[in-house]
Amino acid sequence: MKGESGQTVGWDVAAESSAVAAAPGPAHSGLGVSLGRALWIVFVAYSVLPLIATALFSFSTRWMTTVLPEGLSLDSYAAMVAEGPFLPSLLRSTVLASGTLAVVTLLCVPLVTWIHIRAPRLGPPAEVISLIPFALPWVVVALALVRFYGDVYPRILNTPFLLLLAHGAVSIPYMYWALDNNMRAINARSLYEAGATLGARWDQTLRHAILPNLGPGLTTGGMLVFAGSFGEFALSRLLVGAGWQTLPVWQASLINRDARVTSAVTVVGIAVAVSASVAITVWASRLRGEAAADANEGR
Amino acid sequence: MPAAVNSSPTPGSVGASGRVPWKLTAPLEHVGPAGFFFAYLALTLVAPTLYLVWSSVTIDGANFTLERYQRVLTDPFYLRGFGNSIKLSVATALEATLIGALVAAAFTYAMPVRSRKALLTLTNIATNLGGVSLAFAFVALLGTNGMLTIMLRSALGIELYPEFNLASLMGLNLVYLYHLTPFVFLVTLPAFRGIRRQWIEAALTLGATRWQFWRYVGVPVLMPTILAVFILTFANAFGTYSSAMALTVGRVNLVPLQIGFLFGEAAFDKELADALSVLMILMTTACVIFYRIASRRTARWTERTR
């Protein structure tokens, strides 16, 4: 049994990172430790500074020469809300991200369940195939879709439906790996076999034993998919562009025109990323908790 | 046996259905929902990509030609684009891999366990931030009136502009780094988990210093992974479109941006976009394959077995 080693392919960053969080601890003193902590301080600062700059800018009135803003106000946000395209593009992005999440979940849950319970030999090919979206730059995906469907089924071009299909395809790896790691951690195969020996049908085991334990995988994968689709720009711009403007596309059109409104919109984008990340880390620890409980039971 | 079952099987069920789960009863049944999955990927990625490759080497669907590749590879404009993309991607990949691996090491060996969740959340944010938001966040920080620019100007008298410009290769380097370093960190972290504490202790009891352990055992074991992550990061950087586009709007010559610009062009330029894209695909696919091979080599040493 492979245990909690998971994959070296770290797409399910959350499950892996939660496992690391419980790994053996660090030393407590020494030059290496001090250097390491200094490095982390720099790293944290580098990660946080742009976000702080954006947030501050979005709340400022005038900020041209002084170290800190001359005044604070919510004008940027008022201006953002007053902009015509704001609400429609926000809705479009939300609908798109939700739709992508639904598509990806519908595709991956049956697949991963099937692989772990009925067809383990499909595992390696499915792994490899789920890497395909990662091997293709999204610009290329957009071009390929436009060329292919332009000749095969032109009516689908420039529709949000095509964008949804594309988002679904490129988001699959995130959900797949989250669910895959989840399945391994709960040892789905043994659950299924245990259920079978106790007389349960496969769908009963599925409903009562396996699906309830997919929470962490679904949440971490789901948040990655949602945040990714919400903030995605390349496909949105190249496949539908101004015809169906999502939030990032609108945001990009503003970036050189109106810095204030852009900053407010960026804060919205940051908020989405932050909520997703917090949700991921919180739920990932539940995955770790399950695996640890199993380990303690002495498999 | 695992104890994670939330409820017991329904009492009164007579027995498993007639099918034996792990025998191949029928090819279609064996494939099952996987069929939908593969069909979806075929329709959205595989078929379009193959079509793209095919159309890049054919004229009117009939004659084989490498003319577009020849045009791309002899055009100084696109060559410069490739050069810029490769330069930028190699540089950012090197930096991100080095820093990211060190950050992962520091995380495993220097940071208190209690802080780990918070730090992981932070790095997740950096990877989940969309390209356009990232681009603007850097404008807010290092643009002509960015926070840091103003601070340097008013507090220290240092004027960044016009020598430094965010919408340049150097500026993009900083932006890419923001996204790539956490990526490297998160992907390298599991490898560090594979460096067993017992190895370190064994080395120390045999009289080695920590430095010697890392030099002769730790780093060699990790090297395939780090190399693989470097390649993967290179592919990631090379294919980046969103933040580059949002930040520079085409003022910097990069291959993904060029493909994007050729999108709405007249027919004869579409073939050029095809050739550019196929070249990109070749590069990134080779990177992913290399990554798979190399990470399996490390897994040989670091996989936990029971």
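Before moving on, here are some points about what is shown:
- The residues listed here are B:191, B:237; of these, the one that is surrounded by 20 or more Cβ atoms within 10 Å (Cβ to Cβ), within 8 Å of another protein chain (Cβ to nearest Cβ) and either touching a residue at least 60 places away in the same chain (Cβ under 8 Å) or more than 23 Å from residue B:113 (Cα to Cα) (or both) is B:191.
- Residue in region A:255-273 that is farthest from residue A:85 (Cα to Cα), counting only those that are in a helix (DSSP H, G or I) and more than 9 Å from chain B (Cβ to nearest Cβ): A:271
- None of B:157, B:83 is surrounded by fewer than 16 Cβ atoms within 10 Å (Cβ to Cβ), under 26 Å from residue A:233 (Cα atoms) and free of Cβ contacts under 8 Å to residues at least 40 places away in the same chain except B:83.
- Search result, residues across region B:56-94 that are among the hydrophobic types (A, V, I, L, M, F, W, C) and more than 30 Å from residue B:184 (Cα to Cα): B:57, B:59, B:62, B:64, B:66, B:72, B:73, B:77
- From the options A:33, A:104, A:112, A:81, residue that is modelled with pLDDT of 90 or more and assigned to a helix (DSSP H, G or I): A:104
- A count restricted to region A:72-97 and to residues that are hydrophobic (A, V, I, L, M, F, W, C) and within 19 Å of residue A:60 (Cα to Cα) stands at 7.
- Inter-residue pairs, beta-carbon under 6 Å, first free of Cβ contacts under 8 Å to residues at least 60 places away in the same chain and of a type in the set (Phe, Trp, Tyr) and in region A:95-119, second surrounded by fewer than 24 Cβ atoms within 10 Å (Cβ to Cβ) and not in a helix (DSSP H, G or I), 6+ apart: A:114/B:32
- Odd one out for residue B:291 among (1) surrounded by fewer than 22 Cβ atoms within 10 Å (Cβ to Cβ); (2) modelled with pLDDT under 85: (1)
- Qualifying residue in region A:178-185 (condition: under 26 Å from residue B:48 (Cα atoms) and either in a helix (DSSP H, G or I) or touching a residue at least 60 places away in the same chain (Cβ under 8 Å) (or both)): no
- Members of region A:98-129 that are within 11 Å of another protein chain (Cβ to nearest Cβ), under 30 Å from residue A:268 (Cβ atoms) and among the aliphatic types (A, V, I, L, M): A:103, A:104, A:106, A:107, A:109
- Members of region B:180-209 found to be more than 28 Å from residue A:46 (Cα to Cα), modelled with pLDDT of 85 or more and either in contact with a Gly (Cβ under 7 Å, 6 or more places away or on another chain) or part of a loop (DSSP other than H, G, I, E, B) (or both), listed by number: B:206, B:207, B:208, B:209
- The residue that is farthest from the other protein chains (Cβ to nearest Cβ), counting only those in region B:108-120 that are within 20 Å of residue A:275 (Cβ to Cβ) and surrounded by fewer than 19 Cβ atoms within 10 Å (Cβ to Cβ), is B:118.
- Residue B:167 being among the hydrophobic types (A, V, I, L, M, F, W, C), modelled with pLDDT under 85 and either under 24 Å from the mean Cα position of the chain (by Cα) or crowded, with 20+ Cβ neighbours inside 10 Å (or both): yes
- The residue list B:53, B:57 contains one member that is out of contact with any Cys (no Cβ under 7 Å at 6 or more places or on another chain) and at the interface with chain A (Cβ under 10 Å from one of its Cβ atoms), which is B:53.
- Number of positions in region A:46-60 that are more than 7 Å from chain B (Cβ to nearest Cβ) and crowded, with 23+ Cβ neighbours inside 10 Å: 1
- Residues in region B:95-104 that are touching a residue at least 12 places away in the same chain (Cβ under 8 Å) and more than 7 Å from chain A (Cβ to nearest Cβ): B:95, B:96, B:97, B:99, B:100, B:101, B:104.
- Within region A:22-43, residues that are not assigned by TED's automatic domain parsing to the domain that holds residue A:284 sit with their Cβ atoms under 6 Å from residues that are modelled with pLDDT under 75, at 6+ positions apart or across chains, in these pairs: A:22/A:288; A:33/A:27.
- Region A:129-159, residues that are of a type outside the set (Phe, Trp, Tyr), in contact with a Ser or Thr (Cβ under 9 Å, 6 or more places away or on another chain) and under 26 Å from residue B:34 (Cα atoms): A:132, A:133, A:135, A:136, A:137, A:140, A:141, A:144, A:145
- At least 3 residues being within 24 Å of residue B:236 (Cβ to Cβ) and under 19 Å from the mean Cα position of the chain (by Cα) is the threshold, and among the helices (runs of 4 or more DSSP H) wholly inside region B:67-134 those reaching it are B:76-109, B:116-128.
The values are calculated or read from the model by the stated rules, or taken from the named source; none is laboratory data. Predicted model only: the values in this text are computed from it and were never measured. With ideal geometry, Cβ positions are generated from the backbone for all residues, glycine too; neighbour counts draw on all protein chains shown.
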